[in-house]
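Engineer: One structure is given below, represented as structure tokens, and several questions about it will come after.
Please treat every number below as a calculation from the coordinates, not as lab data. Just so it is clear, the model here is predicted, and its values are computed rather than measured. Methodologically, a virtual Cβ is constructed for each residue, glycine included, from the backbone with ideal geometry; neighbour enumeration extends over all protein chains shown.
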Amino acid sequence: MPDARYFIVQHDDQWSIKFNDEEYGPYKSKSEAMLFAIDAAQKLGEYGDNAEVVLMGEDGHFQPQWRFGRDPYPPRPDTTTPG
């Protein structure tokens, strides 16, 4: 179970990152938000936190997209799908 979780969410045509009851953004695309969230999660992971990035799907459920120690950093291009 992650200690830190970054949530990627979409509001209309804008993307944002939610973390610890704060919202960051807006970002122009899902890919841009994902890259910023993964970078932040990587830094927390280096400090010992078990961090992950999750994306809200069209069904409203969050799906894991990247996890510290499991997925490559920097992320492969297919990790940050366009959008």
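Engineer: Net charge near TYR6, counting Lys/Arg +1 and Asp/Glu -1 over other residues with Cβ under 14 Å of its Cβ?
Structural biologist: In short, -4.
Engineer: Going by alpha carbons, how many degrees (0 to 90, nearest 10) lie between the helix axis of 30-46 and the longest principal axis of the chain?
Structural biologist: Value to nearest ten degrees: 20.
Engineer: Report the label-to-label distance for SER29 and GLN63 in nanometres (one decimal), using points 7 Å from each Cα along the Cα→Cβ vector.
Structural biologist: For the pair SER29/GLN63, the computed spacing is 1.9 nm.
Engineer: Which length gain, in nm to one decimal place, applies between ASP13 and ASP39 when the Cα-Cα distance is subtracted from 0.36 nm times their residue separation?
Structural biologist: Full-extension gain reported as 7.1 nm.
Engineer: When the helix-only estimate is applied to the chain (DSSP H runs of n ≥ 4, each -39,500 (n - 2.57), divided by the residue count), what is the mean residue ellipticity at 222 nm, nearest 500 deg cm²/dmol?
Structural biologist: About -7000 deg cm²/dmol.
Engineer: [x] 12.4, 38; [y] 17.3, 50; [z] 11.7, 35: which one is Rg and Dmax of the Cα atoms in Å as calculated from this entry?
Structural biologist: Step by step, Rg and Dmax of the Cα atoms in Å for this structure corresponds to label [z].
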